[in-house]
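**Q** Just passing along the structure, written as structure tokens.
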Amino acid sequence: MEPGEKHSQQIRQVLLFFVFLGGSLVCSEPWRYSVAEELEIGSFIANVVKDSGLSVEDLVARGVRVIFDDYKPYLQLDQQSGNLLLNEQLDREALCHLTEPCILHFQVLLENPLQFFRAELWVKDINDHIPTFLDKHILLKISESTAPGTSFQMDSAQDLDVGKNGVQNYTLSPNPYFRLKVQDSDDGRKYPELLLDQSLDREKEPELKLKLTALDGGSPPRSGTTLVHILVLDINDNAPEFERPVYEVQVPENSPVDSLVVRVSATDLDAGIYGEVSYSFSHVSTDIRKTFEIHPISGEIHLKALLDFELIQSYTINIQATDGGSLSGKSAILVQVVDVNDNPPEILMTSLTSPIPENSSPEMVVAVFSLRDQDAGNNGRMVCSIQDDLPFLLRPTFKNFYTLVTNGALDRESQAEYNITITVSDLGTPRLKTQHNITVTVSDVNDNAPAFSQTTYTLRVRENNSPALHIGTVSATDRDAGANAQVTYSLLRPRDPHLPLASLVSINADNGQLFALRSLDYEALQAFEVRVGAADRGSPALSSQALVRVLVLDDNDNAPFVLYPLQNGSAPCTELVPRAAEAGYLVTKVVAVDGDSGQNAWLSFQLLKATEPGLFGVWAHNGEVRTARLLSERDAVRHRLLVLVKDNGEPPLSASVTLHVLLVDGFSQPYLPLPDVAAAEARADPLTVYLVIALASVSSLFLCSALAFVAVRLCRRSGAASGGGCAVPEGHFPGHLVDVSGAGTLSQSYQYEVCLTGGSGTSEFKFLKPAFPNLPPQ
Ligand SMILES: *[C@@H]1O[C@H](CO)[C@@H](O)[C@H](O)[C@H]1NC(C)=O
Ligand SMILES: *[C@@H]1O[C@H](CO)[C@@H](O)[C@H](O)[C@H]1NC(C)=O
Ligand SMILES: *[C@@H]1O[C@H](CO)[C@@H](O)[C@H](O)[C@H]1NC(C)=O
């Protein structure tokens, strides 16, 4: 019992005692009034006049008073109306606390005469208080292992109101775990209990915040709330779990040691040590242990050794994560080693044929080789090539085998060696390339004949050479090699079988030097041609030939020879000159020839000595002897003239001739009729014409004709004058005349002999042994 309650009971006991003292003065039934608490001051409660049956005047006269048991003036009596009015606001909870009904007893006392009226003021509860939890925040720790059905008792809420204005019901914010059970306590109050409906899962919901509401029964009901904070306590009910069942990673094979492969991660929903995870390999091979390492805390997997795609392309690594309670989870890492283009292509030569003979048939296999690249995919795909400017082709054959074949016949003479670079590159990034150099040599076949440096060689030498003189060299080269290029020289049979070549020249078989075998005589042979051959030593041998034309150069080795007048005869020619001849009378003409040619045969004439100087003159160029002045009776009859004939050689050679002249009276004899040959020319000035022709050596034929003619004519004249005393020596005309045509080629050569005969009176001449068969004798 509350202290206040005790106090009011004491008051009540005093009042009761007081009431029993004057028992006869007290009405048996108390008046009963009721009032709601918290009503405003002055509110009307009751009218005493009506309940007592007394008038207002009586009441006032009899000294009416209102006395509550606790002497507190809750009510006041209006003296005029007898109304009981509320003197103060009444708080039921303060007056009665939980006692119900809350009755304030009082007496209406009339003093004179003394009379008591008992009265009760029933103070009615109004819902002026809200249910209130003592703790606004309730912490509840519940293990997640707690079984459903377990209940948790909560403190009840307080409501100062009573009756149905007190706490009537509790509600809980909706949640999946707890429901509320409202229990009645022994003292009739209600208290709430949380009933676990479904297992807690810390990992799902580590804490719950529930609103517990207490409701009173007022109208409207009032409520108060508290927050129930439920912490779910952990148990090791979760194994670590990896984020992924399988980790797939690709690692380039050239990744350095220590590089990160992957970082794995497992989570454990549990807390604390139960949630602490450590990583490790699980049932892995030594290969993996050698290659990878796992960090127990971070879950990082690093390379411990280098990878090699060509050895192992993938690894499957089983891993586990273990928590502090020895629960574990599993996963696997699938490591794909990614090929990096780290292997250059390889070339493996299987066979190489070198040297290969030139002129071999096309598509001849020179080399066989195979390619290999240990990388995969494009890194291992290859393209193969050689230089494009080579007469070779690459032919792909079986698998990775290639053949190198010739593309057309080879010619050793244009290229004897080929450096072939076989280039293989793969298609990786970056491209790797390998080169292999092979040298193919081409062996010789005797397919080239020796070739002379000139088709025709013209050699000049001077006549009268010493025997075995080196007169020149021919040279032939052979583009082949070795014995196929070894050249030997030889003289070939002459076209003219009569030419005694073998006795003229010889050739050095090794070096092509030509030698004159004997002393050459220009006057006998002005030029000749030899054919030389060059042959190689191939099998079969090839050969070629060239023409060597040897021109013999003239030497001044012949002195002029006087044809007329003849010198050695027993009867020398005598020229007759009439004393009446005018100055410039042609006495005679000295005719001479020179076996040499050119300058060496260019003759000049000179009067060396005369019986009577100044009477005759000799023309230097044509040998004409003419009178220099008129003759007189005083001039001697006989004259001797010495004429020198000199050639133009170096040194010059000369001959002299003695002329005999006889001065006669009268005119000269008329000439004999001319022979019909060349009569017209003779009339003009036959001597000069023919001598010029002779000197020019235009043609030996003309020369010989002219000489013969001149000789014959002069002799006839002289013979007629002296009565046939002209003596012509018999014998061969000195020297041979050989024609060299302007073109320089050897044409016909011929010789003639001429004989002048005298003393027969008919003065005949004739050709002996014409050497050119086609020429009719004249
Ligand atoms: C308490 O409140 C709940 C929910 O509002 C209701 O279902 C239940 O009937 C109430 N209990 C009483 C005794 O009024
Ligand atoms: C081939 O290579 C060799 C060596 O490098 C070199 O001496 C030779 O001249 C080359 N031949 C050709 C035809 O390039
Ligand atoms: C192959 O020959 C080429 C061209 O002569 C040269 O550049 C290269 O270095 C050579 N390669 C080898 C591997 O000898």
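The values are calculated or read from the model by the stated rules, or taken from the named source; none is laboratory data. Model, not experiment: these values are computed from the prediction. Counting neighbours? That spans all protein chains shown, and the Cβs are built from the backbone with ideal geometry, glycine included.
**Q** Of all residues in region 509-550 being over 58 Å from the mean Cα position of the chain (by Cα) and of a type in the set (Gly, Ala, Ser), which is nearest to residue 479 (Cα to Cα)?
**A** Filtering region 509-550 for residues that are over 58 Å from the mean Cα position of the chain (by Cα) and of a type in the set (Gly, Ala, Ser), the one nearest to residue 479 (Cα to Cα) comes out as 516.
Here is a yes/no grid of residues against (1) within 16 Å of ligand 2 (Cβ to nearest atom); (2) farther than 18 Å from residue 355 by Cβ; (3) in the same structural domain as residue 540 (by TED's automatic domain parsing); (4) among the aromatic types (Phe, Trp, Tyr):
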position	(1), (2), (3), (4)
393	no, yes, no, no
401	no, yes, no, yes
418	yes, no, no, yes
437	yes, no, no, no
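**Q** Name the pairs whose Cβ atoms lie under 7 Å apart, with the first residue in region 429-450 and under 30 Å from residue 509 (Cβ atoms), the second within 16 Å of ligand 2 (Cβ to nearest atom) and hydrophobic (A, V, I, L, M, F, W, C), and 6 or more positions between them or separate chains?
**A** Listed by first residue and then by second, the contacts come to 442/356; 442/410; 442/416; 443/356; 444/481.
**Q** Which numbered condition in (1) among the aliphatic types (A, V, I, L, M); (2) assigned by TED's automatic domain parsing to the domain that holds residue 359; (3) more than 16 Å from ligand 2 (Cβ to nearest atom) is the only one that residue 483 fails?
**A** (2)
**Q** Can we say residue 284 is in contact (Cβ under 8 Å) with a residue 12 or more places away in the chain, surrounded by 15 or more Cβ atoms within 10 Å (Cβ to Cβ) and outside any loop (DSSP other than H, G, I, E, B)?
**A** No, not satisfied.
**Q** In region 122-134, how many residues are β-branched (Val, Ile, Thr) and part of a strand (DSSP E or B)?
**A** So the answer is 2.
**Q** Which of the helices (runs of 4 or more DSSP H) found entirely inside region 36-121 contain at least 2 residues meeting this: within 30 Å of residue 187 (Cα to Cα)?
**A** So the answer is 92-96.
**Q** Related question: Test residue 464 against the stated conditions and say whether it is in contact (Cβ under 8 Å) with a residue 40 or more places away in the chain, touching a Gly at 6+ places or on another chain (Cβ under 7 Å), away from ligand 1 (no atom under 16 Å from the Cβ) and of a type outside the set (Asp, Glu).
**A** No.
**Q** Right, here's the next one. Of the numbered conditions (1) more than 16 Å from ligand 2 (Cβ to nearest atom); (2) surrounded by 13 or more Cβ atoms within 10 Å (Cβ to Cβ); (3) basic (Lys, Arg), residue 412 fails exactly one; give the number of that condition.
**A** (1)
**Q** Can you name the strands (runs of 3 or more DSSP E) wholly within region 588-660 that have at least 1 residues being in the same structural domain as residue 575 (by TED's automatic domain parsing) and within 11 Å of residue 562 (Cα to Cα)?
**A** Filter on region 588-660 gives 591-593, 603-610, 638-647.
This table checks each residue for (1) farther than 29 Å from residue 550 by Cβ; (2) within 16 Å of ligand 2 (Cβ to nearest atom); (3) surrounded by fewer than 18 Cβ atoms within 10 Å (Cβ to Cβ).
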| site | (1), (2), (3) |
| --- | --- |
| 440 | yes, yes, no |
| 447 | yes, no, yes |
| 457 | no, no, no |
| 460 | no, no, yes |
| 466 | no, no, yes |
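**Q** Shifting gears a bit: Residues of region 411-466 being within 16 Å of ligand 3 (Cβ to nearest atom) and touching a helix residue (DSSP H, G or I) at 6+ places or on another chain (Cβ under 9 Å), which ones?
**A** 432
**Q** Give the residues of region 151-169 that are under 15 Å from residue 102 (Cα atoms) and either polar (S, T, N, Q) or surrounded by 17 or more Cβ atoms within 10 Å (Cβ to Cβ) (or both), sorted by residue number.
**A** Across region 151-169, the qualifying residues are 160, 161, 162, 165, 166.
**Q** So residue 172 passes all but one of these: (1) surrounded by fewer than 15 Cβ atoms within 10 Å (Cβ to Cβ); (2) modelled with pLDDT of 90 or more. Which condition number does it fail?
**A** Failing condition for residue 172: (1).
**Q** Take residue 548 and tell me if it is part of a strand (DSSP E or B), in contact (Cβ under 8 Å) with a residue 24 or more places away in the chain and closer than 30 Å to residue 634 by Cβ.
**A** In short, no.
**Q** For region 258-278, what are the residues that are more than 19 Å from residue 294 (Cα to Cα) and crowded, with 18+ Cβ neighbours inside 10 Å?
**A** Once the filter is applied, which keeps residues that are more than 19 Å from residue 294 (Cα to Cα) and crowded, with 18+ Cβ neighbours inside 10 Å, region 258-278 yields 269, 270, 274, 275.
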